[in-house]
Amino acid sequence: MSAPAAPMFTPAARQIAERLGLKPGRANLEVFADTLLELARADRQVLAVTSDSRGSGKLAPFGQALPQQIVEVGIAEQNLVGIAAGLAAAGKNVFAVSPACFLTARSLEQIKNDVAYSDNAVTLVGISAGVSYGALGSTHHSLHDLAALRAINNLDIVVPADNAETRWAVRFAAAAQHPVYLRFGKAPQYDLHRDELSARRGESIVLRRGSDIALVATGEAVTHAVLAAEELAVRDGVSSTVISVPFIRPLDTTAIVAAAGCGALITIEEHMVHGGLGEACAAVLLEAAVRVRFRRIGIPDEYTVTGSQADIFRHYGISMEGISATARALLGGATSRSSVA
C-alpha cells in the first residue's frame, strides 16, 4: 500500500488560512463534474465525451444519471477530439474530458485543426493538470499545455483557482460559441470567493490590494499566493496585491500593467516557466514599456523531482513559504509603507 499523499498546505499555511477566515473547499475537478451534470440535466444537447477517464474525471455520477449524454471512446485521445468536434459541428454542446498531459500532447493536431481552425465550439477539459499526478512523474505531468495551446489561434484558455471560479468557468464554456480549454487539478482548495462570481471573458480578479509587490497567479497556485501575501504582511509588513488570472487567453493586459505599479511583480503557475503565464506577463510589460522588478515562479527547465504534488510545489517554491521567500529576495528586505493590524 502506498503512503498517503502529503497535504498541499503546511501547518503554517493552514494557520494563515485560518487567520484569513478561508474555508476548506473541494477539488475543482469535483466541482466541474457536478456543474456539468447540472447543466446536462437542464439541456439534453450537453454531452460529455471521455477517453476512459470518467473515473478520474469524476464523471461516474454523470454516466449513471444521463447514460445517453456520455460517449466513451476508450484510450484514444485523438479520436476523442475528432469525435467531439464532429458532435459540436452537429449542434451538440460537447465537453471533451481527458487527462491534460495526454489531451494536449497526443491530440494537439486535432485540437489545432478539428477544433480551433474549424471553429467547432468544443470545450476541451484537461483534468489532473500540472503536477497533479505527483510521483507518476514527468510523463504524466502537463507542464507544456498552456505554452502549446497559447500558440493556437481561436482557443480560450481558462485555469480556475477555486470552486467558485470553477463553477463560473464551466458555465462560461457551456455558453461560449467558440472553442475553450479548461484546466483542472485534483487537490482540494480553499474557497477564495465568498460569493458566486459575476465575471467577464478575459477578466482577472483582484483578491487583495497592496502597494509593495504584486503576486499574479493562476489555477491552484492562487491559493498559495493569497497565503503568502498574508504571511508577508504579518511577518514583514509587506503590502501585496494578489491577482487571480483565470484567463491565460484572452489575457487581462490592463490588470497586469496596473499591477506593475507596485514596483515589483511575481508570477506564479503550476506550469513550466517557459511559455506560460510568466512569459505572457513579461511580454505585456515589455511591450507597454513598463519597468518593474520581476520574477517567475513555476517549474524550471528540467524534468521534475519525484514526489507528491505537494512535494513538487514546495521543491520549486510554489508554496506559501516559497513565494514569500522569493518576494523577500525581490524586495531586497524592504518592508511595507503601511501598517498591519
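What about Val206, is it in contact with a strand residue (DSSP E or B) (Cβ under 7 Å, 6 or more places away or on another chain) and assigned by TED's automatic domain parsing to the domain that holds Lys92?
No; evaluated as a whole, the condition is false for this residue.
Strands (runs of 3 or more DSSP E) wholly in the range 219-305 with at least 3 residues that are surrounded by fewer than 23 Cβ atoms within 10 Å (Cβ to Cβ) and in the same structural domain as Arg208 (by TED's automatic domain parsing) - which ones?
Answer list for the range 219-305: 293-299.
Please name all residue pairs, on different chains or six or more residues apart, with Cβ atoms under 6 Å, provided the first residue is in the range 156-181 and is outside the structural domain of Ala217 (by TED's automatic domain parsing) and surrounded by fewer than 24 Cβ atoms within 10 Å (Cβ to Cβ) and the second residue is among the basic types (Lys, Arg) and part of a helix (DSSP H, G or I).
none
Tell me which residues, restricted to the range 122-154, are at pLDDT 95 or above, crowded, with 21+ Cβ neighbours inside 10 Å and not acidic (Asp, Glu).
Answer for the range 122-154, where residues must be at pLDDT 95 or above, crowded, with 21+ Cβ neighbours inside 10 Å and not acidic (Asp, Glu): Val122, Thr123, Leu124, Val125, Gly126, Ile127, Leu143, Leu146, Leu149.
Within the range 1-9, can one find any residue that is under 20 Å from the mean Cα position of the chain (by Cα), on the phi > 0 side of the Ramachandran plot and surrounded by 21 or more Cβ atoms within 10 Å (Cβ to Cβ)?
Within the range 1-9 (the criterion being under 20 Å from the mean Cα position of the chain (by Cα), on the phi > 0 side of the Ramachandran plot and surrounded by 21 or more Cβ atoms within 10 Å (Cβ to Cβ)), the answer is no, since none of the residues qualifies.
Given the criterion under 27 Å from Gln309 (Cα atoms) and in a helix (DSSP H, G or I), identify the matching residue among Leu29, Leu37.
Leu29
Which one of these does Ser198 not meet: (1) touching a Ser or Thr at 6+ places or on another chain (Cβ under 9 Å); (2) modelled with pLDDT under 95?
Condition (1) is where Ser198 drops out.
Identify the residue in the range 306-321 that is polar (S, T, N, Q) and not in a helix (DSSP H, G or I) and, among all such residues, is surrounded by the fewest Cβ atoms within 10 Å (Cβ to Cβ).
Among those that are polar (S, T, N, Q) and not in a helix (DSSP H, G or I), it is Thr306.
Assess whether Ser324 counts as being crowded, with 16+ Cβ neighbours inside 10 Å, more than 16 Å from the chain's Cα centre (by Cα) and either closer than 18 Å to Arg183 by Cβ or small (Gly, Ala, Ser) (or both).
The answer is yes for Ser324.
Being out of contact with any Phe, Trp or Tyr (no Cβ under 7 Å at 6 or more places or on another chain) and not assigned by TED's automatic domain parsing to the domain that holds Met320 is true for just one of Ala84, Ala48. Which residue is that?
After applying the criteria, what remains is Ala84.
The values are calculated or read from the model by the stated rules, or taken from the named source; none is laboratory data. In this text the structure is predicted, and so the values were computed from the model without any measurement. Glycine also receives a Cβ, built like all others from the backbone with ideal geometry; neighbour counts cover every protein chain displayed.
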